[in-house]
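Here is the structure we will look at, set down as structure tokens.
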Amino acid sequence: MLVHLALLHYHMWIGAKTASSGSAGMLHLFVRRRLHTRLGHLRSVCGMCRCYNVPLGQIYYLLPRMTHFILPGSLSARVFPVSTAAQVFFSAWTYTPCQRMEEAVKQLDPLGSLRRTHYCGTLRSEHVGQEAALCGWVHRRRDHGGVVFVDLRDRTGLGQVVFKPDTAPEAHAKAGELRSEYVIAVRGKVESRGEGAINPNMPTGEVELVAAELRILNTATTPPFVLEDDVQVDEALRLRYRIHDLRRPLMQQRLAMRHQLLQSVRATCTDLGLYEIETPILGRSTPEGARDFLVPSRIYPGSFYALPQSPQIMKQLLMVAGFDGYFQIARCFRDEDQRADRQLEFAQIDLEMSFVGIDEVLHVLEEITVRAFRDVRGIELPRPFPRASYAEVMARYGSDRPDTRIALELVDLTDLVANSAFQVFTQAVQAGGVVRALPIPDAEAVSRSELDRLVDQSRQWGAKGMAWVRVTPEGSWQSPITRYVSETEQQQIAARAGLRPGHLLLFIADRPALASDILGRLRVQLGERLERRADRPWDLLFVVDFPLFEETESGQLTYMHMPFVAPLEEDIGLLSTQPRQVRATHYDLVLNGVELGSGSLRNHRSDVQLQILEILGYSEAQARERFGFMLEALDTGAPPHGGFAFGFDRLCLMLAGGDSLRDVIAFPKTQRAQDLFIQSPNTVEPEQLRDLGLRVR
Ligand code: ASP
């Protein structure tokens, strides 16, 4: 018992010491080795050995474990009432070391004074002849008839280390113990690999480090999958073992690019005179339209903070407060059902400027984008980025974020078929709808059965049906609807849609938004399948002049983006007469059919803001109740201002590559909103709920 207590006190002491200085580490290692060989039975204390690199606060966890070792369990529990959640967390944390400590402890070396001179992936012929020290993870070990080769990995890539029995027998013998993912430091000399041994597939393939000394700094559990770039495992497994996944060179590169992108954006925004200002994470519910994440207040039971869906309100308040220009790489939280490739928690490049019009904001966005592509990928984007109005892109591409590389465009035929004998068309037009079509040249490859599938698909997207026409090599129409469409109508349609032999024409007759949406989707789908995408890698487009309002199913007007968007100055008069016609100062930046972000000028006059809120259905009293702080802020003297927010993760994905946002986020949530590694969300202790005045039903 006394020995135990002495050992435990020793661990506590050494833990405290090494938390502040590394000097006790060596001594600790020595004593630890001696004690462990002598007291091999102290298995449960092994985990505690970690205390030499455990922050002091965690001794709170270790204490009850120690006393548990000595005192009866119930007594120790009373002495140290540590929550189960903390126990689970920390025992998960110490479990693995504890498991392998008994053998490993005999072999581990300290880093001591050995320091890295080069990163593994940076060794080149110019280093030949130099003494070098590398640190990293054992990626692969090969035993070639007495000579041991190790591919050593760090964030820069792989370097080859060779252990020779004749030149460094001790290091060579130790190298035999190495396994995948062991952490080592090696000192030696850089040598040329010589003819025949050069590996042209590795950037470091011409050289190798001939080891003189090997230090095994840590052992490792067996990786759950091979840590290669093209690992063929289920994503859930990659997320469950995220540490291993992140060690893969590809993931290291992607996160390095994310870092470069962050630095590029910060530099550009700073050069443009914007201040980086942080805004609170504990905020209040904002009107971005998604569900809020709520944080219960312990001090004010029944009241809640909301995590920001975006810093929209805060950045506007900063402009009112006179900061003139702001940016932030902001964390945003939206409690949405996980549609394809969304994250509950994501990053935005958020910015706002005072005394600007749309042109100045778009110039800044262009600057940020151009410099990001240059800094991260060395790509020069052509400027200026083209602009198109919402009305134009909806008419031509059926989408407000069109992939303009696809060489297919919609046509509107409503006026031509309004009096057609084909009732599907006329009924749609009479009901206030439209008839729109997608002409596809040289569409012989689309078979009849594929057409049937497309009809089914458009029904799933909400269409009542889809008519089609195929133009034969002789120029006549082959279609189930030919007999209902007159000769003249056929000629007019052919002229407007530019029909030639081989063309396929797909029609949707429905509400304008739905008809455009379905044809827009078909355009992308068939454009990809028939390889009609132009060979330009990056197509950027600003979409401007969005409507300020849109109609809900019940006919009530609602905001198209958010309630603080200002109307175009020339449309302010229409607010009281024809609100549906009012165009917004809203703009989107679209890259290859993906919305990179959106923004607008904001209402800086409280009277215009109030008028808009009234159109949205709020009485003045309700508007003041919900948005009072904003109206009050505007009345303190708000400058004209406007801004934007880029989806940072998405921009990163487009630059760094990957299949989903999860590939460019270090610790993402799954599609089912979980972190599989740290296992969140998790349940909490009843006391925590009690403190917050909450009960889980
Ligand atoms: N706050 C907006 C959003 O998150 C962007 C903006 O208008 O600046 O979508």
Q. Considering segment 274-304 alone, what residues qualify as being among the hydroxyl-bearing types (Ser, Thr, Tyr), farther than 18 Å from residue 344 by Cβ and either within 16 Å of the ligand (Cβ to nearest atom) or open to solvent by 30 Å² or more (accessible area, probe 1.4 Å) (or both)?
A. 275, 279, 300, 303
Q. If you take the residues of segment 553-565 that are away from the ligand (no atom under 16 Å from the Cβ) and open to solvent by less than 50 Å² (accessible area, probe 1.4 Å), which of them is nearest to residue 316 (Cα to Cα)?
A. 557
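Can you pull out every residue in segment 480-497 that is open to solvent by 20 Å² or more (accessible area, probe 1.4 Å) and free of Cβ contacts under 8 Å to residues at least 60 places away in the same chain?
Once the filter is applied, which keeps residues that are open to solvent by 20 Å² or more (accessible area, probe 1.4 Å) and free of Cβ contacts under 8 Å to residues at least 60 places away in the same chain, segment 480-497 yields 480, 482, 483, 487, 488, 490, 491, 494, 495.
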Q) Based on what the data block shows, is residue 326 among the hydroxyl-bearing types (Ser, Thr, Tyr), surrounded by fewer than 22 Cβ atoms within 10 Å (Cβ to Cβ), more than 16 Å from the chain's Cα centre (by Cα) and within 24 Å of residue 289 (Cα to Cα)? A) no
Q. Of all residues in segment 515-534, which are open to solvent by 30 Å² or more (accessible area, probe 1.4 Å) and of a type in the set (A, V, I, L, M)?
A. 524, 534
Q.
I need a count of the residues in segment 309-340 that are in a loop (DSSP other than H, G, I, E, B) and either more than 11 Å from the ligand (Cβ to nearest atom) or over 19 Å from residue 650 (Cα atoms) (or both).
A. 10
Q: Assess whether residue 323 counts as being touching a Leu at 6+ places or on another chain (Cβ under 8 Å), touching a residue at least 12 places away in the same chain (Cβ under 8 Å) and farther than 21 Å from residue 627 by Cα.
A: no
(Q) Of all residues being assigned to a loop (DSSP other than H, G, I, E, B) and hydrophobic (A, V, I, L, M, F, W, C) in segment 631-673, which is most open to solvent (accessible area, probe 1.4 Å)? Just the residue, please. (A) 667
**Q.** Pick from segment 206-230, criterion farther than 18 Å from residue 137 by Cα and in a loop (DSSP other than H, G, I, E, B), ranking: modelled with the highest pLDDT
**A.** 206
Q) Residues of segment 422-455 being touching a Ser or Thr at 6+ places or on another chain (Cβ under 7 Å) and in contact (Cβ under 8 Å) with a residue 60 or more places away in the chain, which ones? A) 429, 434, 435, 436
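Considering only residues that are of a type in the set (Ser, Thr, Tyr) and in contact with a Phe, Trp or Tyr (Cβ under 7 Å, 6 or more places away or on another chain), which ones fall in segment 367-403?
Taking segment 367-403 as the starting set, the residues that turn out to be of a type in the set (Ser, Thr, Tyr) are 369, 389-390, 397, 399.
390 - this is the single residue of segment 367-403 that is of a type in the set (Ser, Thr, Tyr) and in contact with a Phe, Trp or Tyr (Cβ under 7 Å, 6 or more places away or on another chain).
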Q. If a residue has to be more than 15 Å from the ligand (Cβ to nearest atom), surrounded by 21 or more Cβ atoms within 10 Å (Cβ to Cβ) and part of a loop (DSSP other than H, G, I, E, B) to count, how many in segment 600-613 make the cut?
A. 0
Q: Go through segment 313-331 and give me each residue that's closer than 11 Å to residue 279 by Cα and of a type in the set (A, V, I, L, M, F, W, C).
A: 313, 314, 317, 318, 327, 329, 330
(Q) Can you go through 521, 532 and tell me which one is more than 16 Å from the ligand (Cβ to nearest atom), among the charged types (D, E, K, R) and more than 11 Å from residue 406 (Cα to Cα)? (A) 521
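Counting residues that are more than 29 Å from residue 545 (Cα to Cα) and open to solvent by 20 Å² or more (accessible area, probe 1.4 Å), which helices (runs of 4 or more DSSP H) fully inside segment 370-479 reach at least 2? Explain how you work it out, then say what you get.
Values: elements: 390-397, 414-417, 423-430, 448-460.
The qualifying helices (runs of 4 or more DSSP H) are 423-430, 448-460.
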(Q) Cβ-Cβ under 8 Å, sequence separation 6+ or interchain: first residue in segment 303-314 and over 20 Å from residue 599 (Cα atoms), partner open to solvent by less than 20 Å² (accessible area, probe 1.4 Å) and within 9 Å of the ligand (Cβ to nearest atom). Which pairs? (A) 306/286
(Q) Here are the criteria: (1) more than 15 Å from the ligand (Cβ to nearest atom); (2) under 22 Å from residue 402 (Cα atoms); (3) over 22 Å from the mean Cα position of the chain (by Cα). Tell me which single one residue 369 does not satisfy. (A) (3)
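The values are calculated or read from the model by the stated rules, or taken from the named source; none is laboratory data. The structure presented is a predicted model; accordingly, all values stated were derived computationally and were not measured. Heads up, the Cβs are rebuilt from the backbone with ideal geometry, glycines too, and the neighbour counts pull from every protein chain shown. In case anyone asks, the SASA skips ligands and DNA or RNA and just uses the protein heavy atoms, side chains included. Shrake-Rupley method; radii C 1.70, N 1.55, O 1.52, S 1.80 Å.
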